[in-house]
Amino acid sequence: MTALHLASPGLAAAAGTLAETGRTSAGEALLFWCLAPIMVLAALGLVFARRAVYAAMSVVVVMVSLAILYVAQEAPFLGVVQVIVYTGAVMMLFLFVLMLVGVDASDSLVETIKGQRWIGWLFGLGLAGVLVGVVLTASGIAPQGLDAANADTNPVGLARIIFGDYVFALEVVGVLLITAAVGALVFTHRERLTRKVGQKERADARVAAGTSLVPLPAPGVYARSNAMDVPALDAQGRPIDASVSRVLRVRGQERSVDEVAADNGAGDAARYLDAPDTGPGTTGGVGSTPPQRSITGEETVQ
Amino acid sequence: MILSASTAGTLLGGAVGLPTSAAVRGADFSQDNPWVWLIKAVLIIVFLLTSVLIAIWFERKVVARMQIRPGPNVHGPFGLLQSLADAMKLLLKEDINVKASDKLIYIVAPMISVFCSLLVFAVIPFGPEVSVFGVVTPLQLTDFPVAVLYILAVTALGVYGIVLGGWSSGSTYPLLGSVRSTAQVISYELAMGLSLVSVFLLAGSMSTSQIVDSQTQVWWFLPLAPAFVIYLISMVGEVNRLPFDLPEAEGELVSGFMTEYSSMKFAWFFLAEYINMINVSAIATTLFFGGWRAPWPLSAINDGMFNEGWWPVLWFLAKMWMFMFMFVWVRGTLLRFRYDQFMKIGWKILIPAALGWIVLVAVVQSVRQFTDTDLRTLLIVLGAIALVGIGASFLIPEKKAPPAEPRAKDQPFDAFADGYPVPPLPGQQLPPSPRRLRARAAADAAARSGAGSPTLTVEAAPSTDQHDDGEEETRG
């Protein structure tokens, strides 16, 4: 919304100034009338979008369109830097946070800070006052023409102004930004109370704990039951409980191999599955000897 | 695709072409008209798409050679048509739209990636001015005073494709992939931008054609070697290639942000990735390797004959493919980083190094400008300072080794340390094998009781013994 307010009068004024000097080409006008409605729609989208990511994307559209208009008005440096800094870094960080926090339409919109709305109105009015003032003072200036402004290419001209006329303001802004960054660091800094545990220590601890050193086996994948809730089979054809997700086991949603086998019509599969391992020669199969009957009843394994 | 690049070209060329023509030495686009722009834009698109096909084949073939296998060799001569067949397969596969996805963004994300990757080549100079059917025009779509910044801006936009694609898929792995890629791009684009600043300082311009022009004497990768190295590293990070391919790490995230994409939408991401590789290679060529300029011995032949006309296109492509080869080489050599190591390199090494380097270059540049010292004296002074610095670095005592853990050598060998059968640590001796002891005892006994010449037997016994032992070890 702010971007829209900021953009429209400024652009109109700029377009007016250019028209007075007779330099608005047909292409530029066409570009403006193509981009302006898009920007207005996107700015409205920022206010009315229900999902936070859509609002963020609307801002991106406004920023990019604005950048194209800057470039068209022969301020290429401003246009390109706008995209790099605001679209490429600032909005990207916003998206980052939105995605990590997972802000959604279902979130409560109740204000937690008291009097937030009134403060918001106050600041909004103040900003509007500043903007109107800027536009009013700007309209009284006699245009120099772009040729004079961009005599030594646009970036050089801009550099002369920023690092010459406004160097103090620039330094003050720089100090402000650095202070903000350091402040953010201080707020998020935590003192480390314990020694840092590195990769080697973790590995040693795991070996010492005597648990499995490798990832747990994946759950069973059979032709008829390609499912997470059926345990895998070990070399002897016995189910491995640890292969099914702990969550499923706690919830009691695990299916045993028997059930799968029964579904598939191999009724007697349970017999050898439950039987203890009695060495070679039994139907369960031991070591490299495969079980004589497949669990799923699909086919006979030789 | 064609439309987007050409409109961008028209726009940039039309709106910003004027200031460039006024500047010194830059490419002169004054004779271009909309038809020339259109033709150049279409040629760039065709060039990029065919290059991608070749790049995929090239990568598979080179990686295969590095792994001692033939690579694709069935379709077409040398398997050249393999990537065409792959592309056809992707086009004809079923296009799956994930139910939990956010439809609009899910579909738009791959397009953002591809469009943004196509835009970069608008400002890359392929060569100097050539004359085609009476029109004299530079082999470059457009150029303007902040062309390199424009490249950075477009790459920054391209990341939105990855981020939004991962988010809109509505699934965990893609989301993790896109969060990683956001963090990655923000940190590595900083290092990348900073490494380019020193080129701007020396070239005195941010327009690509002027930067190429400024490298007539020396290519910037020599005087700006540290910046070049930083750029090389961060460009690999920027395009999500091994060893920096954490956003799509197969081992952890299936394939990261593109897990839920299939068919043509996946192909668009794939296309964007390869075009981005070509892009960053072309940027490295333009900014650090003299752009389209002929390499040294050739550039001296016949009064710079190889720097005019259509020859430069050849040099440009050769250098660009050299960087592409480097991408493949790195992929075939290095392993993927751990995420925290990766971030540490970006923030604690690359960015401070790039900042320090910029300060150095700026100081040297200002000394040159304000005191008008000639370049040779300056270089000698700098060389002397570097030598003194290196000499002084020898005086700094080396970092003490961490308080030594009890050395393995002094500890007795425990064959079952921590409950696992383990080999001896460095410096530890295996206890003598009981089998060898038995064999030696038997040999001694045989020698003592033997009636033949004693010296011979005694000499022979240990040697056979050792031989047996060696064989045992290899078998084990």
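What follows is calculated from the coordinates using simple rules that are stated; it is not laboratory data. What you see is a predicted model, and the numbers here were worked out from it, not measured in a lab. For neighbour counting, all protein chains shown are included, and Cβ atoms are generated from backbone atoms with ideal geometry for every residue, glycine included.
How crowded by other chains is A:69-79, given as the mean number of beta carbons from other chains within 10 Å of each beta carbon? Present the calculation step by step, with values, prior to reporting the outcome.
On the way: counts 1, 0, 7, 5, 1, 5, 1, 12, 5, 1, 6.
Across A:69-79, the average partner-chain Cβ count within 10 Å equals 4.
As a rough guide to protection, the peptides A:124-136, B:76-88, B:282-294 ranked by mean Cβ packing within 10 Å, highest first, stand as B:282-294, B:76-88, A:124-136. Each residue, B:ALA100 and B:GLN429, gets one label point 7 Å from its Cα in the Cβ direction; the gap between the two is 6.2 nm.
Remark: mean inter-chain Cβ contacts per residue of A:86-92 equal 5, using a 10 Å Cβ-Cβ cutoff to other protein chain atoms. In whole angstrom, how far apart do the alpha carbon centroids of the range A:163-178 and the range A:51-79 sit? First find each Cα centre; the distance between them is then 25 Å.
DSSP loop (so not H, G, I, E, B), at most 14 other Cβ within 10 Å: list which trypsin sites (Lys or Arg not before Pro) in the range B:42-132 pass both filters.
Sites meeting the loop and neighbour criteria: B:LYS93, B:LYS99.
Peptide B:178-186 shows a mean partner chain C-beta count of 3 within 10 Å per residue C-beta. In this calculation the C-beta distance from B:VAL74 to A:ALA180 is compared with R0 = 60 Å, giving a FRET efficiency of 0.50. With q set to 0.08, 0.10 Å⁻¹, the log10 of I(q)/I(0) for chain B, from the Debye formula over equal scatterers at the Cα positions, is -0.64, -0.87. Between A:ILE113 and A:ALA218, the modelled labels are 5.0 nm apart [label points 7 Å from Cα along Cα→Cβ]. Would any residue of the range B:335-363 have its amide N under 16 Å from a label point 7 Å out along Cα→Cβ of A:ARG192? List them or say none. Only B:340-345, B:348 fall inside the zone, counting backbone N under 16 Å. Peptide packing: for A:63-71, A:228-236, the average count of neighbouring Cβ atoms within 10 Å per residue gives the ranking A:63-71, A:228-236, highest mean first.
Please give the contour-minus-distance gain from A:LEU30 to A:LEU100: 0.36 nm per residue of separation, less the Cα-Cα distance, rounded to one decimal in nm. Mind showing how you got there, number by number?
Details: separation 70, 0.36 × 70 = 25.20 nm, distance 4.01 nm.
Residue separation times 0.36 nm, minus the Cα-Cα distance, leaves 21.2 nm.
For the set B:LYS99/B:LYS265; A:LYS196/B:LYS344; B:LYS89/B:LYS265; B:LYS61/B:LYS93, the pairs lying more than 20 angstrom apart at their alpha carbons are B:LYS61/B:LYS93.
Highest mean packing first, where packing is the average number of other Cβ atoms within 10 Å per residue, the peptides B:107-116, A:74-83, B:380-389 line up as A:74-83, B:107-116, B:380-389. Annotation: lysines with alpha-carbon distance below 26 angstrom to B:LYS40 (same-chain offsets under eight excluded): B:LYS319. In terms of surrounding Cβ atoms within a 10 Å radius of their Cβ, B:TRP357, B:TRP311 rank from fewest to most as B:TRP311, B:TRP357.
Ordered by the number of other Cβ atoms lying within 10 Å of each residue's own Cβ, fewest first, B:TYR106, B:TYR188 fall into the sequence B:TYR106, B:TYR188.
With a simple spin-label model that places each label point 7 Å from the Cα along the Cα-to-Cβ direction, the separation between A:ALA208 and A:PHE123 comes to 5.2 nm. For chain B, find the longest principal axis of its Cα atoms and tell me its angle to the long axis of helix B:375-395, 0 to 90°, nearest 10. Between the helix axis and the principal axis of chain B, the angle is about 30 degrees.
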